[in-house]
Every structure is written in C-alpha cells, then in structure tokens.
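Accompanying notes for the structure given below.
The values are calculated or read from the model by the stated rules, or taken from the named source; none is laboratory data. As the structure is a prediction and not an experimental result, all values here were calculated from the model. With ideal geometry, Cβ positions are generated from the backbone for all residues, glycine too; neighbour counts draw on all protein chains shown. Remember, those area values only see protein heavy atoms, side chains included, never the ligands or the DNA or RNA. Shrake-Rupley method; radii C 1.70, N 1.55, O 1.52, S 1.80 Å.
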Amino acid sequence: MGSRYPESKLLLDTNKVPSHTAAAANPCHGFPLVYMTTTETPAPATRAAQVDRNTRIKPRIVAQLNDWQYVERSIHRLLAGWGRHFCEWDGKSACHRHIWEQAEVVRRLRERVAEFPGGKPDAPVSARLQELANTVLLAPSFEDALDGTCQLLTKALAASYAAYVRNAHPIHDAPTVRLLHEITGAKEQEWLWYREWRRDHPHQTDADYKARVEKALADCGNLLEALPVEGQPAAPCGVGVDFFLPRFTGRPPGSKPKYNFMPYVQAEFATNVDARRLFWAYGYMMEKNLPDDQLMWIWYGHEMPWDFHHDVSRHLWDESRHGDSGLSRLKDFGISMEEIGFPSYAGSNERNGAEADLAAPGDPLGPKELHDAVFFTGMVAESGHFEVKNEAFTDFRNGNDLDSAEMMLFDIIDETAHVQYAHKWLPVLAEKAGIDNSGYRERAVQERKRRQAEVHAKLEKEKEFVANSKDTPDYAFYQDCLRRIRETAPLEGAAETIRSPLPM
C-alpha cells in the first residue's frame, strides 16, 4: 500500500542551527531528512477523504493546490522583490538559482491543477493569502525578509505538504503525493543554502515582524486547508503596497576595477586572439548584472501570463550561470575578481556598492519600459553577438583551448533560446504597452546597425588613446593578464586571425 510519511518539522529556526547527526538520526525517511528536528515516532496517519456528499468532479485537493501555487508564486515574487539587495557574488548566484527553482515549483503545481477536470491554474484564491504574502514582503530589513521567506513561510508550506502526504490515500492521489515529494526535495536544497547563509550572516529576526507573519499564517490556517474565496480575490504579492526595488544592485566594497584595462582589450579585439579570450571571460562575468535587472521584469510584469515569468526565470538563471562561467574561466587563467573588478552596468565607475544605493528607489518598469527591455535584450544585444561568438568558439576550439570553447558554445545555445523568448513575448508586451509591433525584426536590425556604428566611432578614438597610453599601470595589467592566459592555456598552432570588430 505504500509508506506513510510524518508531518514535516523544518529545521528553520535561525537560533538553533541543527547538526547533520540529528537530522540523519530521524527514521522518517520519506521526506528529506534535513526537514526533521526530532526523532520521535510520528502519530498514526488520519485518512482525510478528498470528497464529500457535495463533490462532483473536483476533489478538495484542487483548491488547496491553487492556494499552494499562489504562495509558491508569492515566494518567487518575494525573491525578485528583495533579490537586488544581495551584494556578494555567491548570494547573487543563489538568489538567481532559487528564482528558477521556484519557477519550476510553480510550474509543477499549475500542471497538476490543470490535470483535474475543471482545474484552472489561475483560479481565484482567498485575499487572506495576499495579506500573508504582503506581510512577509514588508520586512524591516533585507535579512528579515530572508527569514520571513526562507524560514517562516517555507516552514508552513512544507508542514502543509507533509500533512497532506501523511493523510492522503497513497494510491488514489499518488501523482500529488509524488509531486509534493519532488517539491520538498527542492525546498531541502534551498534550506541547506539558507542554513549556510545564516552561519555566515547571523541575524535575529525582528520580533514584531515575526509575530506579524505568524499571525498572518494563523489567519490562513497555517496553509493546512484550502481557504474559501470571500469577496475580492487575492492580487499578486506586492500589488498595491508601498514597496520599491532599489535603483542599483548590491555590491560589496572594493568592487570597482583597479585598472582601466578594457580600452586596450577593445582596441585589439579584432587582431589579438588572447585579447578575445580575456574579453569573453570578463564579458561573461559581467553578465551577472543582467539577472539582477531581470528581477525587475518579474516584479513589474505581474500582469503578464505565468509562462512569461517561467521563461524569464530560465533566462535569468542562464545569464547568472554565464556570469559564473566567466568568473570561473578568469580564475582558471589566474585572474581574480579582486584584481579585475565587478562593476555594475549602471555607473560602474561612480559607485562602489554603498548601502545608500540600496535605499534609493528605482524607477518602476511600466508596460512600455518592460517591452523595451525585452526588445533590446533579445532582439538587439543577444541577436547581435552570434557572429563574433561563433568566431571565438571556432578559434578557441581550433587552438585546443577547449574550456574556453565550451564556455562559448553553451552560451550560444542559451542565447538562441533567449532570442526565441523575445519573439514569443514581444507581441504580448507590445499589446499591453499599446505599441505597434509590426516590423519589429527590421527595427531590431536597424538598431543593431546604429549601435555598431557608435561602437566603431568610439573604437577609433580609443585606438588613438591606447597608442599613446602604453606606459601606464593599466596597460601593464592588461599585458600581465594576456601573459597569464598564454601560460595557463597556450593555444596550439593559433596564428593570429583578423576577426569581426568589437561587438556593440
């Protein structure tokens, strides 16, 4: 008949970091062990039939799946709303990965709802769930928001999942039971990250904030039963409340480049294959900026269909991985982030990640701004780089720098999908923004030509600057980077090849 699984008791108390030994001792192995805090024998399961005398074609679990989906989608939005506050590189990587994993959780729940006759993934849910989500959102600090999202809200969700698995018929609703096991597996990984984050960033949750969240959870029955929809249904988390995303993304002190080396890289891009190896490793590292901007696409695009957010979440995670790829390759070459810097796209040399930057509200993205951001990223920037990226892949592969070639190839594959996302969603975004979307491909071509001309004009000036600026620490650093690249990964039989000029 299958196993019964106890109610999950999450290890989510920041003041009591559990040991691996305590978790591993728990005999209740159906749910990930990291969720257990005790080794006590669970109470016998109590069957809870999903039908009653009034049931027609939808069992009760459908409404609860919709509630769970709303809360999981709210966590997705909570991560987007607070994600730009992550300063450290590893924190950014974790946030971006969680955005994608959270999108996958929502997708699974929505697909399960749609499998039921009459099941509607976008069915209205109780406004009490919106109150809960907004209570978690309006935290007094970034660290409190992490506690509210990764600890308090996730703990209640996992306990609700475990309660259903414990009391559901293990055969009749095996698909939902299996789904919840998969989701708690993802939650386990998030919890392991959160536990390590708290070890490195100790924090006592604000008592008043914690009490508000716990009361909001109690008002929602701790998510153990579906809530009736009474009056106005829930809007997305964050809609209609006083909350802003910061204008700039977080940066730790010391993130500005120590050397102004990029003019030399750009000047030799077309003629020096090692300059191109440096350019792409550094350029991919810099792509870590884009996912922080795409968090705004998720936050301000709440009126877009869920599939848009799922695609953006994958795009976002891909760009974050490209950043990790570039940094990894730089480290392979013996070049550290501390040397080369990690500036933001906006004001890279004017700011250094000061806390005040995170207190400055950014401009909201309206429908037109969201359309323009997707248009530029997918149809202009990414579409305009395929030629130079393929050239780099070929040169690196032929020269037997297979790690650099691999980095290029996986990026090319990802970017091909991202361009398709733009084709898919620009008509919808244009309609919502009241923009004529006809001829968008041609407009993209013209915009790429315009920007490329600007790059060429700028490059001519930089070449003159570079020719007269070779007795500088900046040039010495550039040459030292090339030396490290050649010594670490010498190219085999790689004669210099004139390639396409610097991309826009």
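Given the condition in a helix (DSSP H, G or I), over 18 Å from PRO263 (Cβ atoms), touching a residue at least 12 places away in the same chain (Cβ under 8 Å) and touching a Pro at 6+ places or on another chain (Cβ under 6 Å), answer yes or no: does some residue in region 488-503 qualify? The answer is no, given that none of the residues of region 488-503 is in a helix (DSSP H, G or I), over 18 Å from PRO263 (Cβ atoms), touching a residue at least 12 places away in the same chain (Cβ under 8 Å) and touching a Pro at 6+ places or on another chain (Cβ under 6 Å).
For LYS432, the conditions (1) farther than 25 Å from ARG321 by Cα; (2) assigned to a helix (DSSP H, G or I); (3) under 24 Å from the mean Cα position of the chain (by Cα) all hold with the exception of (3). Could we say that LYS187 is open to solvent by 50 Å² or more (accessible area, probe 1.4 Å) and either among the charged types (D, E, K, R) or free of Cβ contacts under 8 Å to residues at least 24 places away in the same chain (or both) here? So LYS187 does not fit the description; no. If the condition is being open to solvent by less than 30 Å² (accessible area, probe 1.4 Å), part of a loop (DSSP other than H, G, I, E, B) and out of contact with any Ser or Thr (no Cβ under 9 Å at 6 or more places or on another chain), then region 301-337 contributes GLY301, MET304, ILE335.
Of all the criteria given as (1) free of Cβ contacts under 8 Å to residues at least 12 places away in the same chain; (2) over 27 Å from ASN289 (Cβ atoms); (3) surrounded by 13 or more Cβ atoms within 10 Å (Cβ to Cβ), the one not satisfied by ASP206 is (1).
Residues in region 431-451 that are open to solvent by less than 70 Å² (accessible area, probe 1.4 Å) and in contact with a helix residue (DSSP H, G or I) (Cβ under 7 Å, 6 or more places away or on another chain): 7 in all. Filtered by the rule that a residue be part of a helix (DSSP H, G or I), out of contact with any Lys or Arg (no Cβ under 6 Å at 6 or more places or on another chain) and of a type in the set (Asp, Glu), region 376-429 gives GLU387, ASP395, ASP403, GLU406, ASP411, ASP414, GLU415. Of everything listed in (1) in a helix (DSSP H, G or I); (2) open to solvent by less than 70 Å² (accessible area, probe 1.4 Å); (3) at pLDDT below 70, the single unmet condition for GLY83 is (3).
From the list ALA145, ALA211, ALA133, ALA159, the one residue that fits, being in a helix (DSSP H, G or I) and without any contact (Cβ under 8 Å) to a residue 24 or more places away in the chain, is ALA211.
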